[in-house]
Amino acid sequence: MKRDLGSEFIYQLFALLLSVIVVHAVYVTLVRPEAEAIIKQQEAQQLAGASVTNQRSLYVVLKDYEQETCLILMLWAMMIMGYKARLALQEKHMLAQSILDVQEGASILPEDARALCRPLQGLSPEKQGMLAPRTLLVALKRFSATANVAAVATAIKDICEAEADRLDSELAMVRYISWAIPSIGFIGTVRGIGEALGQAHQAVEGNIIGVTNSLGVAFNSTFIALVISIFIMFFTHQLQLMQERLVQNTQDYCDGNLLNHLKTDINKVD
């Protein structure tokens, strides 16, 4: 579908803003207060000399800023992919409709192409921008102008290939997010290890609380980032597969419902 790039850009900005608000609200109200309570309880037990049960709480694993950023990016990427998946489903639904009214076994001559264009041109602007009506309209106009079946086949193929390239290029932002999430996790690792090294003298003196907390930042950020990256890449490949199938199904639809019915005057005489 030919999309309004301005409205899609606004949607992505709104999705990013909503992701920041939702994730940060959850962190402020739930994750960080719970994590701080657990950490203070463990520190108090250590200072009292009691045995500490190190529970790997999800709140503690998620509490740092790197994990919050990764979750924001994950939610943003999912909203972008959801938007694109919805458009692909609309395109798929269009293929299931009777776009071109051609009877089984009927022949389409160059002079018939103009009449077949009218129902397509009567569709709403949104539907005309979808891949199947757009491809059929271009193919019929090409056949009316050239009376050449091979030229029509080339036009259908070129439009579908261009659409496939465009859909692939529009996934660049999602791929960037998939790359950025592990990078942010590694930033957390570097930050945590740096803080741990800065508190090494306290560990020598017997106070290992600061070192263990800093190392927790290092490993937890990478762990969460890698898990989220695997999650995002799975849905990215599923969306890409959906789009590739849509383009292939559209080309097959045009071949079966239009190209196979085209006849030239020479074929009519034969």
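The values are calculated or read from the model by the stated rules, or taken from the named source; none is laboratory data. Everything quoted here is computed from the prediction, not taken from an experiment. When we count neighbours, we look across all protein chains shown, and the Cβ atoms used for this are built from the backbone with ideal geometry, even at glycine.
Worth pointing out:
- Once region 1-55 is narrowed to residues that are charged (D, E, K, R) and assigned to a helix (DSSP H, G or I), the residue that is modelled with the lowest pLDDT is Glu43.
- The test for being at pLDDT 90 or above and not aromatic (Phe, Trp, Tyr) does not hold for Leu215.
- Filtering Leu116, Leu109 for residues that are in contact with a helix residue (DSSP H, G or I) (Cβ under 8 Å, 6 or more places away or on another chain), buried (at least 18 other Cβ atoms within 10 Å of the Cβ) and closer than 26 Å to Thr264 by Cβ leaves a single hit, Leu116.
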